[in-house]
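Everything on this sheet refers to the single structure shown next.
The values are calculated or read from the model by the stated rules, or taken from the named source; none is laboratory data. Keep in mind that this is a model prediction, so the values were computed, not measured. Cβ: placed from backbone, ideal geometry, glycine included. Neighbour counts: every protein chain shown.
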Amino acid sequence: MSDSKPVAGAEKPSYYITTPIYYVNAAPHLGTAYCTILADVQARYRRAMGYDVKFLTGLDEHGEKVATAAADHDMTPQAWCDSLVPAYTDLWRELEISNDDFIRTTQPRQTKAVQRLFEVIKDNGYLYKGAYDGWYCIHEETYFTETQVRHADEARGTQGQHLCPDCGRPLERVQEESWFFKLSEFQEPLLKLYRENPHFVEPEIRRNEVVSFVEGGLKDLSVSRTSFTWGIPLPFDEGHVTYVWFDALINYLTAVGYGQDEPGSAEELARRWPAQHIVGKDIIRFHCVIWPAMLMAAGLEVPKGVFSHGFLMVRNEQTGQGEKMSKSRGNAIAPREVLDLLGVEGYRYYFMADVAHGQDSAVSFARMEQVYNTDLANSWGNLVSRTLNMSSKYFDGRSPELPEGWETRESPVRAAAEGICERYAACMDAFDYQGGLAQVMDLVHAANHYIEEAEPWALAKDPARADDLAFVIGTLLEAIRIVAHLLEPVMPTTSAEVLCRLGAADEAGCDDLAAACAWGGVPQGVPVTKGEALFPRLATE
């Protein structure tokens, strides 16, 4: 998954990235926050690489499940949705999520876009009216064929109980008039898409899953409901509301001007679309099969790509194995618990550095503490603290004035920094945040080792070694400056604080990461501040 890089002096190219819109029926959980941070880190990284970024997240507020929950709380569906929105917006603000837009499917702009797309797909001949008679899971908002249900029941030894193949809950028999989308006509176009663009679905294991599903045959999809009213009305058939997934997927177009009447909407759509989607592995069929088929039917470009992350599991410390989180098991971890333990920046770092993003990954409080203490307290935080302390102590509260030609002088730290931005960018482009952060920590470790090898405290005792002392401290400060830039997408507040302490506050939020990471840019002869510990060590049991 590579992109052409922005050209200096040219107009910034667009980069449009989205999370799923989250179902509004409950407060955000650990997986919801994980997905949102994944997208946020990519958005921040792309801004640092010179892109004009639009980052979208939001809420899916329609469907039978929402209407039922609202009734259970003696509220209207809209009031119920409104009451849950702050749980998301407040948490995203606390987690430093930098979204440019927050969409809700109950907004008028979504109604316009959905009705417009329905009309286009119908005019293009891909909708027809019929009757649906089959199985429906209210919890998953998903239709299942008799064959899918039978095979799922046989696999779990529950023949005849008609349980959802995905969540295991009882299914509802639905018999109603419906409009159908001719999904079956897109089997070959979709397979061609996957062949010609092997990076459309990533990682590869998910691509293989999608290809296998489509090769197994596609059936036309019921895309309207008449048994309830909480949804967007079809513009051409009174009494029908849009199937919730057809509604939800269109939000990605809505947010960049599709179906809108405002001046500039068409230009915004042309500039921004297509999008890069970040989704959980449980919804890849909607995003990698139904969604591109809808776009093809409307004559629109398919998404740029879909990156699918795995599930977060809870590590059983006795067996070392991952277990599914659930309230009934008592092992669910809430975002607030992690925030209380690690703080915001530690939270963001842990899930980006220690989780394999394309796979299921086991997490635990013990592992969180270990990663925090090892990487942030003992390595990165300690490097910043020791170096700024020595610079302040040996150079009267300032960074050293460096000898001429210092930036070309060899050192293990300079060697570790050579080419680091390119290696980091290759990882970040591919959503390999683990790999990118490992590159950064290699530079941190090289700088810490250099302190022990160079022994600046010994150099400070010998006036004849003043230039050598300045070179050592300047080299360490330069490594810290570069690391701060590379860590900014993951820990923006800490990176801004570190740059400020170095006297380089104006570098925070740069949009040319390669230039910022070029060796030799450390400010000289400016005040430096040691400050409080960036990451106080956690006391482990």
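When VAL306, VAL314 are checked against the criterion of being in contact with a strand residue (DSSP E or B) (Cβ under 9 Å, 6 or more places away or on another chain), assigned to a strand (DSSP E or B) and more than 30 Å from VAL444 (Cα to Cα), a single residue qualifies: VAL306.
Looking across the range 384-394, the residues that are buried (at least 20 other Cβ atoms within 10 Å of the Cβ) and under 13 Å from VAL472 (Cβ atoms) come down to THR387, MET390, SER391.
Only residues that are closer than 23 Å to LYS12 by Cβ, free of Cβ contacts under 8 Å to residues at least 60 places away in the same chain and within 26 Å of the chain's Cα centre (by Cα) were counted in the range 485-508, giving 5. Considering only residues that are polar (S, T, N, Q) and under 34 Å from the mean Cα position of the chain (by Cα), look in the range 133-168 and name the one that is modelled with the lowest pLDDT. Once the filter is applied, the top-ranked residue is THR145.
Listed conditions (1) of a type in the set (D, E, K, R); (2) surrounded by 18 or more Cβ atoms within 10 Å (Cβ to Cβ); (3) under 25 Å from the mean Cα position of the chain (by Cα) are all met by ARG414, apart from (3). Considering the range 321-438, the qualifying helices (runs of 4 or more DSSP H), each wholly inside and each with 2 or more residues that are more than 30 Å from PRO456 (Cα to Cα), run over 335-353, 365-371, 420-429.
Condition test on LEU30, is it within 28 Å of ASP511 (Cα to Cα) and either of a type in the set (A, V, I, L, M) or at pLDDT below 95 (or both)? Criteria not met by LEU30. From the list SER308, SER222, the one residue that fits, being touching a helix residue (DSSP H, G or I) at 6+ places or on another chain (Cβ under 9 Å) and either surrounded by 20 or more Cβ atoms within 10 Å (Cβ to Cβ) or under 24 Å from VAL66 (Cα atoms) (or both), is SER308.
Can you confirm whether the range 527-536 contains a residue that is crowded, with 16+ Cβ neighbours inside 10 Å, free of Cβ contacts under 8 Å to residues at least 60 places away in the same chain and either out of contact with any Cys (no Cβ under 7 Å at 6 or more places or on another chain) or in a helix (DSSP H, G or I) (or both)?
Looking for residues that are crowded, with 16+ Cβ neighbours inside 10 Å, free of Cβ contacts under 8 Å to residues at least 60 places away in the same chain and either out of contact with any Cys (no Cβ under 7 Å at 6 or more places or on another chain) or in a helix (DSSP H, G or I) (or both), one finds none in the range 527-536, hence no.
Set side by side, the residues VAL41, VAL53, VAL114 differ, and just one is aliphatic (A, V, I, L, M) and farther than 26 Å from ASP511 by Cα, which is VAL114.
Yes/no matrix, rows are residues, columns are (1) in the same structural domain as TYR243 (by TED's automatic domain parsing); (2) free of Cβ contacts under 8 Å to residues at least 40 places away in the same chain; (3) surrounded by fewer than 17 Cβ atoms within 10 Å (Cβ to Cβ):
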| site | (1), (2), (3) |
| --- | --- |
| GLY264 | yes, yes, yes |
| GLU268 | yes, yes, no |
| ARG271 | yes, no, yes |
| PHE286 | yes, no, no |
| VAL289 | yes, no, no |
| LEU295 | yes, yes, no |
| LYS304 | yes, no, no |
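Say whether the condition of being more than 17 Å from ASN389 (Cβ to Cβ) and in contact with a Phe, Trp or Tyr (Cβ under 6 Å, 6 or more places away or on another chain) is met by at least one residue in the range 511-522. No, every residue in the range 511-522 fails to be more than 17 Å from ASN389 (Cβ to Cβ) and in contact with a Phe, Trp or Tyr (Cβ under 6 Å, 6 or more places away or on another chain). Take ASP82 and tell me if it is surrounded by fewer than 22 Cβ atoms within 10 Å (Cβ to Cβ), without any contact (Cβ under 8 Å) to a residue 40 or more places away in the chain and within 30 Å of PRO233 (Cβ to Cβ). So ASP82 fits the description; yes.
Within the range 277-292, not a single residue is assigned to a helix (DSSP H, G or I), within 22 Å of GLY358 (Cβ to Cβ) and small (Gly, Ala, Ser).
Entry remark, the range 54-79: residues being surrounded by fewer than 20 Cβ atoms within 10 Å (Cβ to Cβ) and over 27 Å from HIS240 (Cβ atoms) number 1 in total. Among the helices (runs of 4 or more DSSP H) confined to the range 450-512, the ones with at least 3 residues that are touching a Leu at 6+ places or on another chain (Cβ under 8 Å) and modelled with pLDDT of 95 or more are located at 466-487, 492-501. In the set ASP354, ASP282, ASP360, only one residue is at pLDDT 95 or above and of a type outside the set (A, V, I, L, M, F, W, C); that residue is ASP354. What tally of residues in the range 431-473 results from selecting those that are surrounded by fewer than 20 Cβ atoms within 10 Å (Cβ to Cβ) and closer than 30 Å to SER308 by Cβ? So the count comes out to 6.
If you go through the range 382-408 and pick out every residue that is of a type in the set (Val, Ile, Thr) and more than 19 Å from SER495 (Cα to Cα), you end up with 1.
What residue, among those in the range 161-213 that are in contact (Cβ under 8 Å) with a residue 60 or more places away in the chain and part of a strand (DSSP E or B), is surrounded by the fewest Cβ atoms within 10 Å (Cβ to Cβ)? For the range 161-213, the residue satisfying everything is GLU177.
The requirement of being within 18 Å of TRP273 (Cα to Cα), under 17 Å from the mean Cα position of the chain (by Cα) and free of Cβ contacts under 8 Å to residues at least 60 places away in the same chain is satisfied by ARG46.
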